[in-house]
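The values are calculated or read from the model by the stated rules, or taken from the named source; none is laboratory data. Predicted, not measured: the structure shown is a model, and the values here were computed from it. Positions of Cβ are generated from backbone atoms using ideal geometry, with glycine treated the same way; all protein chains shown enter the neighbour counts.
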């Protein structure tokens, strides 16, 4: 599965985007959160922790702190690239401070519980809670817009494709059926 560092590598590969580590962390977080909301599936394999300045992926933080984010080498699928691009189009003009403030909405606060704002925390943000929160935002028309690319299907692969898509969307459709 894709790592947070893979997503950060892709974001860093986009032309004319300069940002600090905090902003990169938030863009990776929002990409992950919106992927959960739009597809029902996580974008990255590892979790995000509820740090004082918002959600942080520890593995990416270690990479940023002790080495560097490697060059992008095509690790993301076409769908993942579309999702990250949609998130970037919406959030890229915001400052690190604005992204931190926005990331404090919803699930981050639940993960921190009663901790004081500046207290350290390794509490993980729950992917199911993230999915539910970002599904609600998407249904309400808030946040970025993502329209999956439509690809030309050949007649012999339509049934197989339908099975794959049904399996992929099962969790999201089951969630919507209960709401």
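For segment 148-168, the count of residues that are under 25 Å from residue 93 (Cβ atoms), at pLDDT 85 or above and surrounded by 15 or more Cβ atoms within 10 Å (Cβ to Cβ) is zero. Residue-level analysis places residue 110 among those that are more than 16 Å from the chain's Cα centre (by Cα), at pLDDT 95 or above, surrounded by fewer than 19 Cβ atoms within 10 Å (Cβ to Cβ) and closer than 25 Å to residue 139 by Cα.
Filtered by the rule that a residue be over 18 Å from the mean Cα position of the chain (by Cα) and not in a helix (DSSP H, G or I), segment 45-68 gives 52, 67, 68. Considering 117, 47, the condition of being surrounded by fewer than 17 Cβ atoms within 10 Å (Cβ to Cβ) and either touching a residue at least 12 places away in the same chain (Cβ under 8 Å) or closer than 20 Å to residue 16 by Cβ (or both) is satisfied by 117 alone. Just one of (1) closer than 17 Å to residue 6 by Cβ; (2) outside any helix (DSSP H, G or I); (3) out of contact with any strand residue (DSSP E or B) (no Cβ under 6 Å at 6 or more places or on another chain); (4) modelled with pLDDT of 95 or more fails for residue 93. It is (1). For residue 135, are the conditions met, namely being surrounded by 10 or more Cβ atoms within 10 Å (Cβ to Cβ), modelled with pLDDT of 95 or more and more than 21 Å from residue 50 (Cβ to Cβ)? Spelling it out, it is not the case that residue 135 is surrounded by 10 or more Cβ atoms within 10 Å (Cβ to Cβ), modelled with pLDDT of 95 or more and more than 21 Å from residue 50 (Cβ to Cβ). How many residues are out of contact with any helix residue (DSSP H, G or I) (no Cβ under 6 Å at 6 or more places or on another chain) and not in a helix (DSSP H, G or I) if we restrict to segment 132-143? Qualifying residue count for the region: 3.
Among 108, 146, 169, which is over 20 Å from residue 55 (Cα atoms) and either assigned to a loop (DSSP other than H, G, I, E, B) or in contact with a strand residue (DSSP E or B) (Cβ under 7 Å, 6 or more places away or on another chain) (or both)? It is 146. Of 124, 105, 73, all but one fail to be free of Cβ contacts under 8 Å to residues at least 40 places away in the same chain and either touching a helix residue (DSSP H, G or I) at 6+ places or on another chain (Cβ under 6 Å) or surrounded by fewer than 16 Cβ atoms within 10 Å (Cβ to Cβ) (or both); the exception is 105.
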